[in-house]
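A short write-up of the structure that comes next.
The values are calculated or read from the model by the stated rules, or taken from the named source; none is laboratory data. Worth saying up front: this structure is predicted, and the values here are computed from it rather than measured. Quick reminder, even Gly has a Cβ in these numbers, built from the backbone with ideal geometry, and neighbours come from all protein chains shown. Keep in mind that these areas ignore ligands, DNA and RNA; they rest on the heavy atoms of the full protein, side chains included. Shrake-Rupley method; radii C 1.70, N 1.55, O 1.52, S 1.80 Å.
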Amino acid sequence: MKASYFVLLLVIGFSAYLIKLWEPQYSVPLYIGVLLLSLTFGVIVKNINLAHISLFLILINGLEYIIFQFGVIDLVAGDRGYLMQGALIFGMQLIISLVAVIIFIFRVQISRKISSSSNISLTHFDTFFHWFFILSALNCFAALIENTFRNIYQFDFQFFYDIYPSVSYVIWALTLGALTTMMILSIKEKGSQLTV
C-alpha cells in the first residue's frame, strides 16, 4: 500500500473514530496523546521541525482543553444566557484558532527563537497547519454568528452549531494525518541516510 493511501485511510479512520466518541473528555485526551507520541517520535529521530510542530499543537490544544474542561469558561449557560455563553465559548475558540494561525505562519521564526538547531526549516507541512487553523477559525466564526442570530432574532436554525464538533474532529484528523505523513517521511529519510 502506498503511503499516501495509508495516510488517507488514517485520516478517514481518525475522523470516524473521533466523531463516534463525540465527547471531549474522551476525544481530547486521545488527540493530545497522539500529539505527544508525535512529539516523542520527533525527538527520538531528531526531527526538530516535527517536534516543534507537535509541541505547538500540544500547547494550543492543551490550553483549549484546560479552559473548557476545568471550568475557566463554563460550557453550561447558567445565569449568563445562551447568547453570552455561546459568544464566550465560540469567541474564545476563535481567538485560540487565530493565535494558532499566527503561530504556524511564523513557526520557523518562533522555532529559531526557542532552539539553536541548524535543522529548523520550513517544511511542506507548515502550510497545511495554518490552513487547518484558518478552517477552524471559520468554523468558530460561523457558529458565533449563528449563535448571535439564533439568540437575538430567535432564528430556529442550528446548521453550524450542529456540525461544529464534526468539523473540529475532521480538522484534528487532518492534523494527525499530516503528522503521520511527517513521521513516515522522517523514517524514509533516516533509512536513506543509513544506506548511503
**Message:** Restricting to the stretch 113-129, name every residue that is out of contact with any helix residue (DSSP H, G or I) (no Cβ under 9 Å at 6 or more places or on another chain) and among the charged types (D, E, K, R).
**Reply:** 113
**Request:** Starting from the stretch 75-102, take each residue that is closer than 17 Å to residue 58 by Cα and modelled with pLDDT under 90 and list its partners that are open to solvent by less than 20 Å² (accessible area, probe 1.4 Å) and part of a helix (DSSP H, G or I), counting only C-beta distances under 7 angstrom and pairs at least six apart or across chains.
**Result:** none
**Number of positions in the stretch 78-107 that are more than 23 Å from residue 138 (Cα to Cα) and either of a type in the set (Gly, Ala, Ser) or touching an Asp or Glu at 6+ places or on another chain (Cβ under 7 Å) (or both)** = 2
**Prompt:** For the stretch 82-105, what are the residues that are of a type in the set (Val, Ile, Thr) and surrounded by 16 or more Cβ atoms within 10 Å (Cβ to Cβ)?
**Reply:** 89, 96, 101, 103, 105
**Complete:** The lone condition residue 46 fails out of (1) at positive phi; (2) assigned to a helix (DSSP H, G or I) is (2)
**Fill in**
Contact list, first residue from the stretch 103-127 and free of Cβ contacts under 8 Å to residues at least 24 places away in the same chain, second anywhere and part of a helix (DSSP H, G or I), beta-carbon distance below 6 Å, six or more apart or interchain, is 122/108
**Complete:** Considering residues that are surrounded by fewer than 20 Cβ atoms within 10 Å (Cβ to Cβ) and either over 10 Å from residue 39 (Cα atoms) or over 11 Å from the mean Cα position of the chain (by Cα) (or both), the number found within the stretch 50-59 is 2
**Message:** Which count do you get for residues in the stretch 106-124 that are closer than 8 Å to residue 49 by Cβ and surrounded by 14 or more Cβ atoms within 10 Å (Cβ to Cβ)?
**Reply:** 3
